[in-house]
Amino acid sequence: MIDQKIVEHVAHLARIDLEPKELEKLSMQLEHIIGFIDKLKQANVDNVLPISHAIAASNVLREDVLKKSLSQDKALANAPSKKGSFFVVPKVIE
Amino acid sequence: MEELNRLTAHELIEKTRNKEALSEEISASLYKRINEIDSKVKAYVRLGNTKEPAYPRTREPRGVPVTIKDNICTEGYNTECCSKILKGFIPPYDATVIKNIREAGHSYLGQKANMDEFAFGSSTENSFFGPTHNPWNLDCVPGGSSGGCAAAVASDEAIWALGSDTGGSIRQPASFCGIVGLKPTYGRVSRYGLIAFASSLDQIGPLTKDVRDSAFLMNIISGYDPDDSTSVNTPVPDYTKALVSDVKGLKIGIPKEYFVEGLGLEVKAAVEEAIDKLKKLGASFKEISLTHTEYAVPVYYIIATAEASSNLARFDGVQYGFRAKVDNLMDMYKKTRGQGFGQEAKRRIILGTFALSHGYYDAYYLRALKVRTLIKQDFDAVFKDFDCVITPTSPTPAFRIGEKMTDPLRMYLSDIYTISANLAGIPAISVPCGFTKKGLPVGLQIMAKHFDEEKLFRVAYSYEQNTEWHKMKTKL
């Protein structure tokens, strides 16, 4: 079950600010959607292993060699706010 | 002059090779067409002045230009996933598929194709730039999320296109617009530079006017890429060699779970007629069962949203795109994301965060991963005895713009036949197989086992060569 209180909490975890009306509407829609998804509870998953990918691959590592990467200028080019070689965000410590 | 934009890519490649057409002329005919009708179709976004086309790098047209979905990174050209939160984002690098296109001697359009925001949707209505219209009926959706690509190819505003498919986002719009759409095997095509939606499901693939173009484009984009740790290092065959009009002796399964309530009558009739055609051409058919089909949509909307909630955490107003003006860091994150994401994106991020959150993880996310195993095992078992599986691509033809926007669950159910291929990681293609009485296209879906795109091409090509559907043009 999902209700408005849970949605509010989850929205905070996801760092999404919701208007009161949005929260109300979203809660109703999610309740409806979760109600449908609850169908999964009928599936028999005893002794079934979970898969996170359809094609099995594990520990894919690259060679430990130096490669070219983005320059600082390029990496900063899209920043909404920057100073020198840094991204700028609102002040975090007093 | 012949309208070059109406031709297929392989016809145009032939013409440029024989010096019967120049790349400049191809681009010019495309831009003329775009200028004439895109105000109605709205297949492209940020169009600006198309009379002065933006050619990448060389500023010269090369080969046959490819139309690109707005979630595939193109260095120096805006790539915004049709979202406000990525407004103004100009990638500092090219996706691997874009490099592949350049290395094959082709160019791409700097103007990108419309899509549902972050590929979240089945109708292209969830775009920050507004919906794309179906060229067969402008009151209908083109499908989604690669609806811009599909509508552009169907209306000859594009020669061929690259989209992405997480739960049907190439095949369903291809079906709605009467063109060919292929989702390759997971790992066949590099995802490097594709802005991630659900990393275990996403694949880039071609949207084309015919099956041969699909094989041509797959030859260009397939292969191992060290920059994508999920790309698979197996040899890439020449897919054009699989274009053989012969299905004699092929064993094809028809899953009974796909022909149930909810399947539109006209779609059912068109698909059954296609099956009869393939029977006459020598394929054998048998009813099969994919037992866990009913769980595909719920499994998908847990796994896809869980992965999306994690992938989209990077959009926080720090490194790129939109930032809300607030002077406190936590509020900046929340307001940026609250104002920058559209309704569907917020719905999915919150649903995915819920499925991963403490107290719900086992009941939803872990359980979904287990049911995913069951769905994959269904296909593994079928492909031991069958060469491929045939189904409708979508239960209905294109629906009207606005029809499903107020009911997200109904919208989710329009992917009911396409989702399983992503969960199982198998390749699947949609080819046109008829029209409804109202003139809307219907698509046939063919699925095969991992890395057997050749079987798809063989069946799709045989069907296409013995029918006329792919030659139909819109009245636009």
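The values are calculated or read from the model by the stated rules, or taken from the named source; none is laboratory data. The structure displayed is predicted, hence computed values, not measured ones. Counting neighbours? That spans all protein chains shown, and the Cβs are built from the backbone with ideal geometry, glycine included. Note: areas computed on protein heavy atoms with side chains; ligands, DNA, RNA excluded. Shrake-Rupley method; radii C 1.70, N 1.55, O 1.52, S 1.80 Å.
A few points about this structure:
- Span per principal axis, largest first, for the Cα atoms of chain A (Å): 54, 43, 24
- ³J(HN,Hα), Karplus 6.51/-1.76/1.60, whole Hz, each residue of region B:260-276, x for Gly, Pro: 10, 3, x, 7, x, 4, 5, 5, 4, 4, 5, 5, 5, 5, 5, 4, 4
- Put B:ASP38, A:ASP46 in order of accessible area, highest first, and with a 1.4 Å probe you get A:ASP46, B:ASP38.
- Between B:ILE252, B:TYR417, B:ALA363, the Cα set farthest toward the positive side of the dipole of chain B (charges on each charged residue's Cβ, about the Cα centre) is that of B:ALA363.
- Remark: the protein assembly as shown carries 41 Å² of accessible area per residue (probe radius 1.4 Å; ligands, DNA and RNA excluded).
- Projected over all directions and averaged, the alpha-carbon convex hull of region B:230-319 occupies 10.8 nm².
- Heavy atoms of B:ILE90: accessible area, 1.4 Å probe, square angstrom to 10: 70 Å²
- Where B:HIS450, B:HIS106, A:HIS12 fall by accessible area, highest first, once all protein chains stay in place (1.4 Å): A:HIS12, B:HIS450, B:HIS106
- For region B:369-468, GluC sites (Glu not before Pro) meeting the loop criterion (DSSP other than H, G, I, E, B) and having at most 10 other Cβ atoms within 10 Å: B:GLU468.
- Neighbouring Cβ atoms from other chains, within 10 Å of the Cβ of residues in B:332-341, number 4 on average.
- Mean residue ellipticity at 222 nm, helices only, the protein assembly as shown: -10500 deg cm²/dmol; runs of at least 4 DSSP H residues each add -39,500 (n - 2.57), and the sum is divided by the number of residues.
- Share of carbon and sulfur in the accessible heavy-atom surface of the protein assembly as shown [1.4 Å probe, %]: 51 percent
- When +1 charges are put on Lys and Arg Cβ atoms and -1 charges on Asp and Glu Cβ atoms, the dipole computed for the protein assembly as shown relative to its Cα centre reaches about 560 debye.
- The residues of region A:60-90 listed by number as losing at least 20 Å² of accessible area in the complex, against the isolated chain and with a 1.4 Å probe, are A:VAL60, A:LYS67, A:LEU70, A:LYS74, A:ASN78, A:PRO80, A:PHE87, A:VAL89, A:PRO90.
- Peptide A:24-32 has a mean shielding of 3, counted as Cβ atoms of other protein chains within 10 Å of each residue's Cβ.
- Its residues counted as N, the protein assembly as shown yields a C-alpha radius of gyration over 2.2 N^0.38 Å of 0.93.
- Heavy-atom accessible area with a 1.4 Å probe sorts A:MET28, B:MET330, largest first, into A:MET28, B:MET330.
- The A-B contact accounts for roughly 5400 square angstrom of buried accessible surface, both chains included, probe 1.4 angstrom.
- The modelled label-to-label distance for the pair A:LYS5/B:LEU22, using points 7 Å beyond Cα in the direction of Cβ, is 7.2 nm.
- Each Cα pair under 8 Å and six or more residues apart adds its separation to the average, and for region B:142-242 the resulting relative contact order is 26 percent.
- Over all directions, the projected convex hull of the C-alpha atoms in region B:364-429 averages 5.7 nm² in area.
- Taking all protein chains as they are arranged and a probe of 1.4 Å, the heavy atoms of A:ILE93 leave approximately 140 Å² accessible to solvent.
- DSSP finds beta bridges in chain B, and of those with both partners inside it, around 70 percent are antiparallel.
- Cα point-scatterer Debye curve for region B:281-374, base-10 log of I(q)/I(0) at q = 0.12 Å⁻¹: -0.53
- In percent, rounded to a whole number, the relative contact order of chain B is 18, using alpha-carbon pairs under 8 Å and six or more apart.
- Debye intensity ratio I(q)/I(0), log10, region B:320-460, q values 0.12, 0.20, 0.22 Å⁻¹ (C-alpha model): -0.75, -1.19, -1.26
- Taking 0.36 nm per residue of separation and subtracting the Cα-Cα distance, full extension of the segment from A:LYS67 to A:LYS39 would add 5.3 nm.
- DSSP finds beta bridges in the protein assembly as shown, and of those with both partners inside it, around 70 percent are antiparallel.
- For chain B, the average shadow cast by the Cα convex hull is 21.4 nm², which is a quarter of the hull's surface.
- Spin-label pair A:SER52/B:VAL244, simplified geometry with 7 Å Cα→Cβ offset, distance in nm: 4.1 nm
- Cut-off 17 Å (backbone N to label point 7 Å along Cα→Cβ of B:LYS438), residues of region B:128-155: B:133-144
- The calculated FRET efficiency for the pair B:GLU272 and B:HIS358, based on their C-beta separation and a Förster distance of 41 Å, comes to about 0.25.
- Inter-chain shielding of B:368-377 (mean C-beta neighbours from other protein chains, 10 Å cut-off): 5
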